[in-house]
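Visitor: Below: one structure in structure tokens.
Values quoted throughout were computed directly from the atomic coordinates according to the rules given, and no laboratory measurement underlies them. Note that the structure is predicted; figures quoted are calculated from it, not measured. Cβ: placed from backbone, ideal geometry, glycine included. Neighbour counts: every protein chain shown.
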Amino acid sequence: MNYKEFYKKSIENPEQFWAEQANEIDWYKKPEIILSKDEFDYPLWFKDGELNACYLALDKHVEEGFGEQIALIYDSPVTQTIRKISFNEAKTETAKLAGGLQSLGVEKGDNVIIYMPMIPQAFFAMLACARIGATHSVVYGGFAPNELAIRMDDCKPKVIITASSGIEVDKLIAYKPLVDEAIELANHKPQNVVVFNRKLGAKIPFKKYDIDYDALVYGSEEIDCVPVKSTHPLYVLYTSGTTGKPKGIVRDTGGYAVALKFSMKYVYDVKPDEVYWAASDIGWAVGHSYSVYGPLINRNTSIIFEGKPIKTPDASTFWRIISEHKVQTMFTAPTAIRAIKKEDPNGEFIKKYELSCLRTQFLAGERCDIATLDWYKSHIDVPVIDHWWQTESGWPMISIMIGVEKLPYKPGSSGKAVSGYDIRILDENGEELNPNEEGYVAIKLPLPPGALLTVLNNPERFKAGYLERFPGCYFSGDGGYKDEEGYIFITGRVDDVINVAGHRLSTADMEEVVAAHQSVAECTIVGINDELKGQIPFAMVVLKSGEEMEHFQLEYEVIQLVREKMGAVISLKNVMVVQRLPKTRSGKILRKLLRSIIDKEQFQIPSTIDDVLIIDEIKSAHAEYRHLK
Ligand code: COA
Ligand code: AMP
């Protein structure tokens, strides 16, 4: 097949293109209205269709005689467990859990928060919600109770499903007390908390609202899937924006299922039956789309990995899993490869495993630096495909579509536009730029199926954040350029969002927490380069006048405050005290300038700067800070 022709069809006649793809999944009621629009002229896909995502992921395969095929392999180096779960078993437990949730009063249209580590029960919880038409919202375990409470107040879950603990390398992290604390903090109180007891010794303080997961499952009948409308919200996933409040990205059901099925074939070139592994966490978009729904809808075996690329127990884990479970397609973030490369620069572990099963390595979550790409290629001879997407899109927007045509890839580029995504590089005024000119990455509407429906409880924020900057386009928040051949290079965020170890975090969010410290008058946080994590946050604070605090004491307190309020995953390790912050004459902090100073990069002095002398002040404060560290 020819990529150019295939892509062109999707852009010139999206309705026909996606109507054909909608035939690739099963519907209770086939859609007749393929593409319609909401009040913002934003696309709605398959509006009158009815389906169920859990049916597509589990029941369909059982009905078609594949019940004994392995749906999930739980590989947990941190508990030294490997468990293989067939589609039959997954369906039975999911259908019983769904029955249990229904007995607690959870109905179609209710929201359920899932706060769990990477264990099979987390997958069953997501699918059980989908089965009864409840909307799940998974919150990443690395977030602190306060962040969980913010999400609870926004999506108002009827029930929370959690586990007794997660394991971070060798630390047992008791989740239940964190959930209890979040409930204390939140205004909205859920009716029940379903707790899966992993029996690993974590404290599970008992509360009246608690329900034991095992008792609920075993005491319930299996129930059938409930048909939902295509635009019914399958899930809400919070992501960082440019303000302190996370955005609840709402995903539809029908468009998403069609897009995922399409992507498994045409982007990933994966056939049913094969083993597909996305080494992410279900707390992120990759986990939703390519650990749970994508591979299961495509009848692949998906791997539930509870561990890290290193230290669990060492840098050989990825290769062991690929070899042991015969993984054909793998997906991870470049930061994971950098971590492995650091521990095992000569690839000694790689040599110990038979990896001939592996066909393709996909990378996403952050820009893939060429050194990492080269290192991988020099040790494992498979195509390494960097591809670009966001929580909002739910599936790749730029990639080499190897299921369509195996085009060559260019180091540093995420590939070409994926079917349905009409990607434009625009200048300030929304004019399209010439090849190789860097600008804003926007996508001409309509977006294809699968992309976000709206921002939960805040359609105005959805409109203002994505649709108003460039009318007629979706604005991604990323910068980049396109070369003459249509290869796109993403250069990074153009807003205050940073990417730490493949995790998207908001510096505005962090600034709110740091500014709350009693000695801090003013602060700013920028994302600086980090060899392992790509970026890490770096805080600069101005003390209140008269404060005589030791700087290292302040640094310690601020770091602790951020861990406590937001979670360890933020990875704030540097807090530097400065006399003042560089600002424009209108009072905006010059963050880009600060980032360049800390990263020792070339910069131009902004013409709008209030006082140019401050640059030398910051430079010498940084030199002293580095010296003391
Ligand atoms: N529950 C509790 N704590 C968590 C957590 C969770 N689910 N996830 C992370 N944390 C904590 C960690 O324990 C760590 O705490 P510490 O500061 O006390 O050590 C902190 O949050 C930072 O965690 P992490 O970002 O994972 O850094 P790390 O140094 O432990 O590991 C990598 C570095 C690169 C190995 C790791 O970040 C990684 O595997 N990244 C891949 C990311 C990925 O797959 N992204 C998905 C997008 S595709
Ligand atoms: P998230 O919503 O957490 O998936 O983060 C999305 C953001 O991560 C994007 O807006 C990009 O800034 C960045 N990103 C994801 N994939 C890539 C990639 N392949 N290359 C460059 N940046 C990426």
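Visitor: Could you grab the relative contact order for the stretch 559-622? Cα pairs under 8 Å, six or more apart, rounded to a whole percent.
Guide: The value is 31 percent.
Visitor: Then there is this: What are the lysines whose alpha-carbon lies under 16 Å from the alpha-carbon of K629, with same-chain residues fewer than 8 places away excluded?
Guide: Result set, ordered by chain and number: K573, K619.
Visitor: Antiparallel versus total DSSP beta bridges in the chain: what percent is that, nearest 5?
Guide: Rounded to the nearest five, the antiparallel share is 60 percent.
Visitor: Hey, another quick one. Mind jotting down the three principal axis lengths of the stretch 495-628 based on Cα atoms? Whole angstrom, largest first.
Guide: Its Cα atoms span 38, 37, 31 Å along the three principal axes.
Visitor: A further question on this structure: Show me the ranking of peptides 394-403, 511-520 by mean Cβ neighbours inside 10 Å, starting with the highest.
Guide: Ranking, from highest mean packing down: 394-403, 511-520.
Visitor: What order do you get for 261-269, 481-489 when each peptide is scored by the mean count of other beta carbon atoms within 10 Å, highest first?
Guide: Top of the packing list down: 261-269, 481-489.
Visitor: Is the shape of the stretch 534-600 rounded, prolate or oblate, going by the alpha carbon gyration tensor and its root eigenvalues a ≥ b ≥ c, with a/c under 1.5 for rounded and a/b larger than b/c for prolate?
Guide: Verdict is oblate for the stretch 534-600.
Visitor: Let me ask something else. Between K600 and E548, how high is the FRET efficiency from 1/(1 + (r/R0)^6) when r is the Cβ-Cβ distance and R₀ = 41 Å? Nearest 0.05.
Guide: The formula returns an efficiency of 0.85 here.
Visitor: Now, a different point. Show me the trypsin sites (Lys or Arg not before Pro) within the stretch 149-246 that DSSP assigns to loop and that have at most 16 other Cβ atoms within 10 Å of their Cβ.
Guide: Here the trypsin sites (Lys or Arg not before Pro) that fit, given the DSSP loop and packing criteria, are K199, K203, K207, K208.
Visitor: Which net charge results when you count Lys and Arg as +1 and Asp and Glu as -1 among the other residues whose beta-carbon is under 10 Å from that of A57?
Guide: +3
Visitor: Mind ranking 321-328, 378-385, 445-452 by how tightly packed they are, going by the mean number of other C-beta atoms within 10 angstrom, highest first?
Guide: Put in order of decreasing packing, that is 445-452, 321-328, 378-385.
Visitor: May I ask you to list the residues of the stretch 454-473 whose amide nitrogen lies under 17 Å from a point 7 Å from Cα along the Cα→beta-carbon direction of E39?
Guide: Residues 454-468 fall inside that zone.
Visitor: May I pose another question? Which residues in the stretch 76-112 place their backbone N less than 15 Å from a point set 7 Å from the Cα of R320 along the Cα-to-Cβ direction?
Guide: 76-83
Visitor: Then there is this: Once fully extended, how much extra length lies between E624 and E12, figured as 0.36 nm per residue of separation less the alpha-carbon to alpha-carbon distance?
Guide: Net length gain for the segment: 214.5 nm.
Visitor: Now a separate question. Rounded to the nearest 0.05, what FRET efficiency do K406 and K245 have when you use their Cβ-Cβ distance and R0 = 60 Å?
Guide: 0.90
Visitor: Which percent, to the nearest 5, of DSSP beta bridges fully inside the stretch 150-206 are antiparallel?
Guide: DSSP beta bridges in the stretch 150-206 are roughly 45 percent antiparallel.
Visitor: Moving on. Residues of the stretch 527-551 with the amide nitrogen closer than 19 Å to a label point 7 Å from the Cα of T491, along Cα-to-Cβ, please.
Guide: 527-530, 535
Visitor: State the extension gain, in nm to one decimal, for the chain segment bounded by K4 and R359, taking 0.36 nm per residue of separation less the distance between their alpha-carbons.
Guide: Computed gain between K4 and R359 is 125.4 nm.
Visitor: What's the extension gain from D26 to K351 if we count 0.36 nm per residue and subtract their Cα-Cα distance?
Guide: Fully extending the segment from D26 to K351 adds 112.7 nm.
Visitor: Which FRET efficiency value, to the nearest 0.05, is calculated for E432 and D273 with the Förster distance at 41 angstrom and r the Cβ-Cβ distance?
Guide: After rounding to 0.05, the efficiency reads 0.45.
Visitor: Can I ask one more? Name the aspartates and glutamates eligible as straight-distance cross-link partners of K203: C-alpha to C-alpha under 17 Å, and not fewer than 8 places from it in the same chain.
Guide: Result set, ordered by chain and number: E168, D170, D180, E181, D212.
Visitor: Now a separate question. List the aspartates and glutamates whose alpha-carbon lies under 20 Å from that of K271, not counting same-chain residues fewer than 8 positions away?
Guide: E20, E24, D26, D59, E63, E64, E68, E324, E405
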